[in-house]
Amino acid sequence: MPDLPSVPLTVEGSCVLHQMFHFDWSAWKSLPAEEQQAIAKEAADLLARWEQGSATGHPNQSAAFSLLGHKGDLMLIHFRDSFADLNRIELELSQTRLSHYLKISHSYLSMVEMGLYESSAKTYASLAEKGLTPGTPEWNAGVREVLDRQANALAPRLYPEIPKAKHLCFYPMDRKRGEQVNWYTEPMADRQHMMHEHGMIGRRYADSVRQVITGSIGYDDWEWGVDLFADDALVFKKLIYEMRFDRVSAVYASFGQFFLGVRLPSGNLSSWLQGQLIES
Amino acid sequence: MPDLPSVPLTVEGSCVLHQMFHFDWSAWKSLPAEEQQAIAKEAADLLARWEQGSATGHPNQSAAFSLLGHKGDLMLIHFRDSFADLNRIELELSQTRLSHYLKISHSYLSMVEMGLYESSAKTYASLAEKGLTPGTPEWNAGVREVLDRQANALAPRLYPEIPKAKHLCFYPMDRKRGEQVNWYTEPMADRQHMMHEHGMIGRRYADSVRQVITGSIGYDDWEWGVDLFADDALVFKKLIYEMRFDRVSAVYASFGQFFLGVRLPSGNLSSWLQGQLIES
Amino acid sequence: MPDLPSVPLTVEGSCVLHQMFHFDWSAWKSLPAEEQQAIAKEAADLLARWEQGSATGHPNQSAAFSLLGHKGDLMLIHFRDSFADLNRIELELSQTRLSHYLKISHSYLSMVEMGLYESSAKTYASLAEKGLTPGTPEWNAGVREVLDRQANALAPRLYPEIPKAKHLCFYPMDRKRGEQVNWYTEPMADRQHMMHEHGMIGRRYADSVRQVITGSIGYDDWEWGVDLFADDALVFKKLIYEMRFDRVSAVYASFGQFFLGVRLPSGNLSSWLQGQLIES
Amino acid sequence: MPDLPSVPLTVEGSCVLHQMFHFDWSAWKSLPAEEQQAIAKEAADLLARWEQGSATGHPNQSAAFSLLGHKGDLMLIHFRDSFADLNRIELELSQTRLSHYLKISHSYLSMVEMGLYESSAKTYASLAEKGLTPGTPEWNAGVREVLDRQANALAPRLYPEIPKAKHLCFYPMDRKRGEQVNWYTEPMADRQHMMHEHGMIGRRYADSVRQVITGSIGYDDWEWGVDLFADDALVFKKLIYEMRFDRVSAVYASFGQFFLGVRLPSGNLSSWLQGQLIES
Amino acid sequence: MPDLPSVPLTVEGSCVLHQMFHFDWSAWKSLPAEEQQAIAKEAADLLARWEQGSATGHPNQSAAFSLLGHKGDLMLIHFRDSFADLNRIELELSQTRLSHYLKISHSYLSMVEMGLYESSAKTYASLAEKGLTPGTPEWNAGVREVLDRQANALAPRLYPEIPKAKHLCFYPMDRKRGEQVNWYTEPMADRQHMMHEHGMIGRRYADSVRQVITGSIGYDDWEWGVDLFADDALVFKKLIYEMRFDRVSAVYASFGQFFLGVRLPSGNLSSWLQGQLIES
C-alpha cells in the first residue's frame, strides 16, 4: 500500500482582514465640534453599512472594537469574498476624513479555514482501500468530492456572520518546527489525535465562546489567526490556559501578540470619539 | 482511577492596566506658566479621584509612578472591575489636556490571579477518592464549590488596594515551553512542589515586599505580570536574584522588560511637572 | 576518489528589487485635484515605461501591486540587468513628485537564481569519472561548460518577463543552520533528493502558480526570495501549506515576512490614487 | 549536613543610570550663536556640578561621553545614592534648554554590585561547621556580619569615583538559562571556580582597564551592566576577546548592545556643541 | 607540559566606522537649485578631502556608496587612526549643511583585525618547547616579539587604502556560542584547521574580491564586520554561498544584516544629488 498523504484537507471561506489603529486624540480634539460631528457621522455611516454586510450572498460584514493598551485604540475586522474586496475596504477607509486621525499600527490578513483532520484520515483510508493511488486523477476526484461536500455543509461557518459578543480576543499562532519538536514531521494519526483532544476542550466552552480560525500561510507572518468572541472576557483566559496544557498547544504551539477589544457598534462610534465607551 | 486534570485551579479578581508614557517636556515647557498650572490641576484632580477609588465595592484604584530610564517617564496602574472600565480610563485620560504631552510607549493588560496549586491537588484527589470523574457535573460542582470558597476567602487580595510603598518594580513573564524544558508537560505534582518552594522565598520577603500577580493569557503578550511594591528598592534585586536560583525560575521562567518607578502621589504631580520629585 | 564538492551549481539572471511603500493619504488628499492629476499622470507614465521594459535584450520590466495590511500600501518589483540599474530606478523614482507621498517601509534585493542540484550531481560524477580533481583548471572548465549551457537554455527563466497574474505573494526564506538540523552539512545527495521532492509539488501547481526564485546571499538579510504569481490567491495557501510538510520545508526552511498584493497596472494607478481598485 | 544555599552573597553600592542621547544638530544649528552659547553654558555648568559630585559622603558623580555610531551622540552616566536621586537627575536635565535637542535613545538602570563567591563559600561552610542551619536567625546573623564587614571594606569600590580614562565601553549581559546550559542550576563550587578564573584575566588587565560591575536584576532588562574605562580603546577588544574563551563567558554569557564613547569633560562641552572634539 | 592558550593572537590596524543614511529627498527637492549646488559642493569637497586621506602616515581614507533598498540611501566608510578621529568625522559631517538631509539609520564600529591562527599555534608550541610557561614575562616577551613582527609585515593590510572596486558588500557576523555548538570551546587546533580551509576559499576569489575583516568585540553588537569589494557583484553571492558550506561558516557562523552599495566617488556626488548615478 502506498504512503498516504500527510497534509490534512482544509476548506476555506471568507477572506479576513484585521486592522489595528492608533487614534490621534490631540489632532482630533483640536477640531471644532461641528467638524468633529460631521466627520464622525461620515465614519459611523460607513461602519454601519459595513456592519450590515451584503443583502445577498455571504454576510461580508465588518465590526469595530475599542482596543485596550498601547498596541492600538481601535480595531476593525472585515470578512469579504476576496482579497481585492478587502483591499477596496482599505482604500475606501483611507478616503474618509476620519482616516486622517487613524494611524495603522498592525494588521492581519487571513482566510477562514476549517481543517478536516478526521475527514482526511477517513477519506485517505477509504480511497486507498479502493486501490487508488495518491495524486492520480481518480484519487483527486475522490478528494474533490469530499471537499465539495464539506464546503457545502460548513458554508455558514466558512462565511460567518460576525458574532455580537461584547469582547474580542485575537492572536496569531504557528505550529512549531523546532529541531526536536516539529509538528510537520509528526505522523498524520498523531496530529489527528492531538487536534481531536484540542477540539474537545473548545467544545466545553462552546456556550460562552465563539471561535473563528483563519489560515494565513502565504498571506501573513504567522500560520493561523484565532478570533475568540465572548461576553465574559474571563473565559478567554480560562479557555486558553486550559488549552495550554493539552499536548498540541503545550508542545507545538507558538503564539504572537494578543489583542483585546470591546465591541464598538457603529451607533456608538460618535460617543467613542467624544471619549465615551457605551456598552452595547 | 482516571487521569487527574493537569490544569491548576485559579481564582481571579481585578482587571489591571499598566500604562507607560513618555512626557514631551519640550512642548510642555513652551506653555505659559498659567496654562501649565491649569492643565496640571486638571490632571492632578483626575489622578486624585482615581487614587481614592470606589467608596463602595472593590477598591478600584489607580496610582502614578515616576519611571526611570528611556522606557518612559510616567507609569499609571489601574485596578478596575472590568476591561470595559479600564478602557473608559484610557478614554477619559485621552480627553484631558495633559494627554497631549503624554505619548504612550508601553502597556500591560492582565487580571489579578491566584494560582491554587495546593488546593487543586487536594481537591482533585478528594473528588477522585469519592469516585467522581473529571468533567462530570458532580466533579465540576465539587470544583466550583472550592473555587467559590477560595474566591471569598481571598477577596481582599483579589481586589487589592494599591500598596503605598515608595517603589514599584513591574515585569511580565512566561513559563517556558522549550524543546526539552516545558513547564506545561511537567507532572502536576512536580509543578506544585516547585511553586511551593518558590512561594517560600517570597514569604521570607513578605515584610519588605508586597507582591501582586496578574494573569494575562488571552489579554497580553506574556502569561503573567508581576508587580512588586517596596520602600527599599534593593530588596527587588535581592528577592528576584534569590528566586532566580530556585528551580521554577532557574529552569522554567522567561522574563520580559523590567520597569522601575518611584511613587508619585497626585498631590505631587504639579511639582513633578515643574521637574521636582518630592518623596511622599 | 577525491571528495566531490558539496556546493550545488547555480545560474543567475536579472537583478531584482522589491520596494514596499506606505502611501501618505492625508498629505495626498490635501492637494488640489488638478495637482493630484498632474502628479498621478507623471507617475503613471513612468510606471508604464517601466512595465514595458526594454525593446531589445532582456525584458527588464517593473510592476506595481496594491498591498494588503499595515506593511505597506504599494509594492513595486523591478527586474534589471545590474544592481546599478536598480539603484537608478530608486533614484529616478525619488525624483518624481509622487515620491513625496511614498514612505518606503521595506525592500528586498536579490538576483534570479536557478539551483542545479540534479545537474551538479551528474556533472561532478562525470568529471570525477574522467579522473579530474575538483578545483583543477580541467575540472573548472568542465563545470564552466555546463554552466554556460544551462544559462543559455534557461535564459527565458533567468531574465523573465513579469507574469500578468492578478496576485503576488512574496516572502524571503533561509535554510536552517541549527545545532542539530543544518542544511549546509547535509550530504549533497540528500539535499538533491529533498529538492527534487520539493520541486515535484511545485510542478503540480504549475498551471495555476508561476514561481520566481531569487538568491540574496550577500545582498539582503535572507538567503532567498520567493515570488508567487497567481490569479487565484487561494492557491498560495494550498501550495505553501502542502510544501510545509515536505522534508526540505518542514525541517530546514525558515521564513520571513509575507507580502500579498493585487496587481495594479499603470493604467489603473490614477484610479488607485482616488481610492479605487480596478481589477485588471 | 543540610544543603548549603546556592545563592552567592553580594554587596551593593551606588545606584547607576546610563543615558544615551541623539543630538538634534539640525535644530541646534538653526539657533543664533548667542543663544547657542547661553544654552551651552547652562548645560556645561550643570555637568560641571555633576562631575564634581558631593563634597561629603559618597562621590555621587556624573560624566559625559561622546558616543560613536548611530546608537547615540552623547552618553551620560550617573552614580547616586538612590533611585529617587537618579530620577531627580533625569528631571533636572529635562528642565535645561539643551534637553530640547537631546532625544533619549537608550538607558540602563543598575546598582554597583560585588559578588562574593569566595566569601560566600567560606561563610556557608564555616556556619555549617558550627552546626547552624541556613535560614535560622543564627545563620542569618552570621551572614549579616560577613556582609557588613565586606561592605565596609569594599566601600570605595561600591561608591566609586568615575575614572578619568579617555574611553568608556558599556554593555549589559546575562548568564544563560538554556535548556542544557544553565548557569543558575550549576553547583555553587563550579560557579565559584569559573568566576575565579574569569577574575584572573581581569586582574592581568588591571593596569590598563578599570572595571565597574553593576547588577540590574529587577531594574532593567539584563542581569548585569559592565563599564570598562581605559585610555587605550584597543584593550577593550583584547580583554573581552580573551575572556570570551574562558568557561564562564564562552558557555554562560549572553551579551546585549555595546556602546563606545570618548570622555567629554564639562569644560569641552561647548566646543563639542560647535562640532569639535577636544581630547582631555 | 602546561595547557597552551586557546586565544589566537591578533594584530590590529585602522579604526573603522560604517555610517548608513536615509536621504530626505522631499526636503532636498524643495530647495532652490542654487542652494542645492552650494550644499552639494560643500559636501563633495569634504568627501574629496576624506577620499584622499593623509599625505603622510596611514591612508586614513573615507569612501561613499549609493545603497540599495530601504536600509539606507548612502553609506560612508571611514578608516582612521583612532576612535577619537572617527568621532571627529561624525562631528565634522554633522556641521555640514548636507547633514540636515541625512538621517542616520545604521552604523558599525570596528577595528581592522588579522587573526593569526597559524602563527599562534607555532608560537605557542615553540615557546612551550623552550620550556616557557604561558603568562610568564618570558612567554609574554616571546609573544610580543611575534606580534610586533607580524604587525610590521602586515601593516599595508592593517592600515589599508580603500579599494576602488565598483561594489561594496558589508555585513557583521558572530561565531556561535550555542548549547551544543560553541566556537569558543572548540580546541585551538580544530579552529585553526577550519579557519585555514575557510581562507583557502577566499584565496580562490582573491582576483575578483578584496576582503577587509574588522573586529568589533567591545565596540559594536557583533564580533566581526566583513567588507567585500568587487567590480562584479555576482561574486559576492558566489563567494559567500560557497563559504556557507565550509565547516566554520556552516556550523559556527551567525550573520547580521547585509548592505550592498555602488561606489559613489566625490566627483559624482552632485549628480547623485540630482538623482543620477554615474558609474565610475
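The values are calculated or read from the model by the stated rules, or taken from the named source; none is laboratory data. Since this is a predicted model, take the numbers as computed values, not measurements. Positions of Cβ are generated from backbone atoms using ideal geometry, with glycine treated the same way; all protein chains shown enter the neighbour counts.
Of note:
- Any hit, the range A:202-222, residues being buried (at least 20 other Cβ atoms within 10 Å of the Cβ) and among the aromatic types (Phe, Trp, Tyr): yes
- The single condition from (1) over 18 Å from B:Ser249 (Cβ atoms); (2) assigned to a helix (DSSP H, G or I); (3) at the interface with another protein chain (Cβ under 10 Å from one of its Cβ atoms) that B:Tyr184 fails is (1).
- Of the residues making up the range B:73-123, those that are within 14 Å of chain D (Cβ to nearest Cβ) and among the hydroxyl-bearing types (Ser, Thr, Tyr) are B:Tyr101, B:Ser105.
- Residues in the range A:85-125 that are among the small types (Gly, Ala, Ser) and touching a helix residue (DSSP H, G or I) at 6+ places or on another chain (Cβ under 8 Å): A:Ser94, A:Ser99, A:Gly115, A:Ser119, A:Ser120, A:Ala121.
- Filter result for D:Ser82 (under 19 Å from the mean Cα position of the chain (by Cα), more than 20 Å from D:Gln52 (Cβ to Cβ) and not hydrophobic (A, V, I, L, M, F, W, C)): no
- Close Cβ contacts (under 8 Å, 6 or more residues apart or on different chains) running from residues in the range E:88-117 that are touching a residue at least 40 places away in the same chain (Cβ under 8 Å) to residues that are of a type in the set (Lys, Arg) and surrounded by fewer than 19 Cβ atoms within 10 Å (Cβ to Cβ) comprise E:His100/D:Lys29; E:Val112/E:Arg157; E:Met114/E:Arg157.
- The one condition from (1) assigned to a helix (DSSP H, G or I); (2) within 16 Å of the chain's Cα centre (by Cα) that A:Asn60 does not meet is (1).
- Of the candidates C:Gln19, C:Gln37, the single residue that is assigned to a helix (DSSP H, G or I), more than 14 Å from chain A (Cβ to nearest Cβ), touching a residue at least 60 places away in the same chain (Cβ under 8 Å) and of a type outside the set (Gly, Ala, Ser) is C:Gln37.
- Within the range D:63-89, the set of residues being closer than 23 Å to B:Ser271 by Cβ and either in a strand (DSSP E or B) or aromatic (Phe, Trp, Tyr) (or both) comprises D:His78, D:Arg80, D:Phe83.
- Members of the range D:3-39 found to be closer than 28 Å to D:Gly225 by Cα, touching a Lys or Arg at 6+ places or on another chain (Cβ under 9 Å) and not small (Gly, Ala, Ser), listed by number: D:Val7, D:Pro8, D:Thr10, D:Glu12, D:Cys15, D:Val16, D:Leu17, D:Met20, D:Phe21, D:His22, D:Phe23, D:Asp24
- With respect to being surrounded by fewer than 18 Cβ atoms within 10 Å (Cβ to Cβ), more than 14 Å from chain B (Cβ to nearest Cβ) and among the polar types (S, T, N, Q), D:Ser126 fits the description.
- Yes/no for D:Leu168 being of a type in the set (A, V, I, L, M, F, W, C) and touching a Leu at 6+ places or on another chain (Cβ under 8 Å): yes
- Of the listed requirements (1) in a loop (DSSP other than H, G, I, E, B); (2) crowded, with 18+ Cβ neighbours inside 10 Å; (3) not polar (S, T, N, Q), D:Cys169 misses just one: (1).
- Filtered by the rule that a residue be touching an Asp or Glu at 6+ places or on another chain (Cβ under 9 Å) and buried (at least 21 other Cβ atoms within 10 Å of the Cβ), the range A:260-271 gives A:Leu260, A:Val262, A:Arg263.
- Looking only at residues of the range D:1-14 that are at the interface with chain B (Cβ under 8 Å from one of its Cβ atoms) and either of a type in the set (Asp, Glu) or touching a strand residue (DSSP E or B) at 6+ places or on another chain (Cβ under 7 Å) (or both), we find that the one that is nearest to D:Tyr159 (Cα to Cα) is D:Glu12.
- Selection status of D:His70, crowded, with 19+ Cβ neighbours inside 10 Å and either more than 14 Å from chain E (Cβ to nearest Cβ) or at pLDDT below 95 (or both): no
- Residues of the range C:187-222 satisfying the condition of being more than 17 Å from C:Ser120 (Cβ to Cβ), more than 10 Å from chain E (Cβ to nearest Cβ), without any contact (Cβ under 8 Å) to a residue 40 or more places away in the chain and among the small types (Gly, Ala, Ser): C:Ala206, C:Ser208
- Of all the criteria given as (1) out of contact with any strand residue (DSSP E or B) (no Cβ under 9 Å at 6 or more places or on another chain); (2) under 29 Å from B:Leu260 (Cβ atoms), the one not satisfied by B:Leu154 is (1).
- Matching residues in the range D:223-280 - criterion: being closer than 24 Å to D:Trp28 by Cα, in a helix (DSSP H, G or I) and more than 9 Å from chain E (Cβ to nearest Cβ): D:Ser266, D:Gly267, D:Asn268, D:Leu269, D:Ser270, D:Ser271
- Among the residues making up the range C:15-26, those that are touching a helix residue (DSSP H, G or I) at 6+ places or on another chain (Cβ under 7 Å) and either aliphatic (A, V, I, L, M) or crowded, with 18+ Cβ neighbours inside 10 Å (or both) are C:Cys15, C:Leu17, C:Phe23, C:Trp25.
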